[in-house]
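Undergrad: Sharing a structure with you now.
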Amino acid sequence: MDKKVKRIVENLFLQEKPAKVLIFLKKEDKPLYTAIISKEINCTYAHTLNVLSELEKLKLVIFKETGRIKLVNLTELGEEAAEVIENFVDLLKLGEAEAGVDQIYEREIKGRLREEMNKKAISRQLEKYKENLKRLAEGRPQNVLLFAKKLLKKVDEVVAEALGYPP
């Protein structure tokens, strides 16, 4: 990949709005007006149009004109790119969840006697993580599913340690 293309791709996809555009178009799965997209991603119409123009140059979206109306739709390549971005975002969410579980462990469990722990509060906090992880894993690619299962197991181990269950 030449330097110019690499810079364009990095600047475009490491930005919040282009990723949101692709994910929103994938989720809606139908051609949409630019105004609807800009409202949904909380962006100005002009900036959304600029983002869509860049995505069009990369063959990720296509504009379809019907009279004065321009509709935007993902290309096949755009669908794939949106899937990869969703996968990446899910992996970041898993990392954030793991950091939260680690923080609960360090703050509430590590080095404490069970009598000193607020077991109900710990269980409640960790149960929220488990629910979110199960939701996140539903219908996701194998790598997200594997990491989510690994983290669910870790949550169960932390709960077991806090409640005094055998490992």
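What follows is calculated from the coordinates using simple rules that are stated; it is not laboratory data. Since we're looking at a predicted model, the values are computed, not measured. With ideal geometry, Cβ positions are generated from the backbone for all residues, glycine too; neighbour counts draw on all protein chains shown.
Undergrad: With label points built 7 Å along Cα→Cβ from the Cα atoms of residue 57 and residue 79, find their separation and express it in nm.
TA: Going from the residue 57 label point to the residue 79 one covers 2.6 nm.
Undergrad: Please report the relative contact order for region 16-55, taking Cα pairs under 8 Å with a sequence separation of at least 6, and give it as a percent rounded to a whole number.
TA: Relative contact order comes out at 45 percent.
Undergrad: Can you work out the FRET efficiency for the pair residue 118 and residue 93, with r the C-beta to C-beta distance and R0 = 30 Å, to the nearest 0.05?
TA: On the way: r = 26 Å, r/R0 = 0.88.
Calculated value: 0.70.
Undergrad: So for the chain, considering every pair of alpha-carbon atoms, how many percent are separated by more than 20 Å?
TA: Pairs farther apart than 20 Å: 61 percent.
Undergrad: May I ask you to derive the relative contact order of the chain, considering only C-alpha pairs under 8 Å and at least 6 residues apart, and to give it as an integer percent?
TA: RCO, the chain: 17 percent.
Undergrad: Over region 71-114, what number does the Rg to Rh ratio reach, with both radii from the alpha-carbon atoms and Rh per Kirkwood?
TA: Value, to two decimals: 1.42.
Undergrad: Still on this structure, I have one more. Distance in nm between label sites at residue 128 and residue 157, each 7 Å beyond Cα in the beta-carbon direction?
TA: 2.4 nm
Undergrad: Over every pair of different alpha-carbon atoms in region 79-163, take the mean of 1/r and invert it; report that Kirkwood radius in Å.
TA: This gives a value of 13.6 Å.
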